[in-house]
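> First the structure, which I've put down as structure tokens, then a few questions once you've had a look.
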Amino acid sequence: PDLVIDKVADRAFVALGDTVTYTITLVHAADSTAPAYNVLLGDTLAGTALRLVAGSVTTSFGTIQTGNGGGDTAVQVAIAELPIGQTVVVTFRAVAATVPPPDGTAPNTGTYTATSAPDGPPGFVRPFDGSDTAVVRISSTGPAAATGLAGEIEDFLNRQQAVAGVPAIPAVYS
């Protein structure tokens, strides 16, 4: 099996208290020739900049193991077998809780682990993994502080960059 993971945030720039929706997509690469087994797809929301919104985790395939409980701080989806052609889409929300030093950049990484067979003798089952990172910038003031044409331009650029998966430009207010 050959898997590809992609993680994106719906916004590139947020203020403290704002919510970001993350989407993690896992698919077989075009040259993949076998199913993947024992797949764990997840996100630990490392650090304190982002706080998971409990109950916000959804998946198109597999079983949500963590992320929807009141005390959960990580997302994990288990998939016993990922057939060729199957796409997994996991979404969840996180709240910007603090401004990370030095510049407010909060990278967030989605990961997966899997095996080439459900079980078997040592050397027969090949483990593999992958990851992808989405970056948001957190500000204590946020886009609401930008007004007029400058604010509209910044909002437009941030939306375009979020779609392209590019980090937002730093906010400049006059």
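> How far is it, in nm, from the label point at Arg51 to the one at Ala97 when both lie 7 Å from their Cα along the line to the Cβ?
If labels sit at Arg51 and Ala97, their model points lie 0.6 nm apart.
> Excluding ligands and nucleic acids, what accessible area in Å² is computed for Ser131 using a 1.4 Å probe, to the nearest 10?
That residue has around 70 Å² of solvent-accessible surface.
> Going by accessible area, probe 1.4 Å, with all protein chains left in place, what is the ranking of Tyr112, Tyr37, largest first?
Order by accessible area, largest first: Tyr37, Tyr112.
> Less than 16 Å from a label point 7 Å out along the Cα-to-Cβ axis of Val125: which backbone N atoms in region 77-92 qualify, by residue?
78-82
> Taking a probe of 1.4 angstrom, what is the accessible area of Val27 in Å², to the nearest 10?
40
The values are calculated or read from the model by the stated rules, or taken from the named source; none is laboratory data. Since the model is a prediction, treat every value here as computed from it, not as a measurement. Ideal geometry is used to build each Cβ from the backbone, glycine not excepted, and the neighbour counts take in all protein chains shown. Please note that ligands, DNA and RNA were not included when accessible areas were found on the heavy atoms of the full protein model with its side chains. Shrake-Rupley method; radii C 1.70, N 1.55, O 1.52, S 1.80 Å.
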